[in-house]
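Peer 1: This is the structure, below, for whatever I ask next.
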């Protein structure tokens, strides 16, 4: 009879242990990650933006520098043509369990009041979301 007292506690531990919420594989976390990555871009933190790529740890330094320069050039072009990107808000996402990836739709708002919807691919590796 004593061991039955602990049964609900053991079941709770089992449920919590199997829940993917603990590793942040959730709709909320993937949307937050996508918004954070684009916030890096908007704020001019191009190194952080490139570091958000899933392969950033294995990039040769010269190629990494080129990607940082390209991000800066892209944002300069956006400032010139549209006044810049003011915000990026996640509108929807799709989690793909088979390969621990996701697609997130972002709504970009530009300074000239135009909006653009884009889709980005992310992958969940080493307990973190990264851009593909």
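Peer 1: Residues in the range 52-69 that are closer than 16 Å to residue 123 by Cβ and touching a strand residue (DSSP E or B) at 6+ places or on another chain (Cβ under 9 Å): how many?
Peer 2: Total satisfying the criteria: 6.
Peer 1: Now, a different point. Of all residues in the range 81-126, which are outside any strand (DSSP E or B) and within 22 Å of residue 47 (Cβ to Cβ)?
Peer 2: Within the range 81-126, 84, 126 meet the criteria.
Peer 1: Would you tally the residues in the range 97-127 being farther than 15 Å from residue 84 by Cα and free of Cβ contacts under 8 Å to residues at least 24 places away in the same chain?
Peer 2: Qualifying residue count, the range 97-127: 8.
Peer 1: Could you check how many residues of the range 48-62 are surrounded by 12 or more Cβ atoms within 10 Å (Cβ to Cβ) and part of a helix (DSSP H, G or I)?
Peer 2: Within the range 48-62, residues that are surrounded by 12 or more Cβ atoms within 10 Å (Cβ to Cβ) and part of a helix (DSSP H, G or I) number 5.
Peer 1: Any chance the range 31-40 includes a residue that's on the phi < 0 side of the Ramachandran plot, within 13 Å of the chain's Cα centre (by Cα), surrounded by 14 or more Cβ atoms within 10 Å (Cβ to Cβ) and at pLDDT below 95?
Peer 2: Scanning the range 31-40 turns up no residue that is on the phi < 0 side of the Ramachandran plot, within 13 Å of the chain's Cα centre (by Cα), surrounded by 14 or more Cβ atoms within 10 Å (Cβ to Cβ) and at pLDDT below 95.
Peer 1: From the list 34, 39, 72, which residue is closer than 20 Å to residue 86 by Cβ and out of contact with any strand residue (DSSP E or B) (no Cβ under 8 Å at 6 or more places or on another chain)?
Peer 2: On the way: 34 fails: out of contact with any strand residue (DSSP E or B) (no Cβ under 8 Å at 6 or more places or on another chain); 39 fails: out of contact with any strand residue (DSSP E or B) (no Cβ under 8 Å at 6 or more places or on another chain).
Answer to the check: 72.
Peer 1: Same structure, new question: Could you list, in sequence order, the residues of the range 78-126 that are at positive phi, at pLDDT 95 or above and surrounded by fewer than 14 Cβ atoms within 10 Å (Cβ to Cβ)?
Peer 2: 83
The values are calculated or read from the model by the stated rules, or taken from the named source; none is laboratory data. Please read all numbers here as calculations on a predicted model, not as lab measurements. A quick note on method: Cβ atoms are made from the backbone with ideal geometry, for glycine too, and the neighbour counts reach across all protein chains shown.
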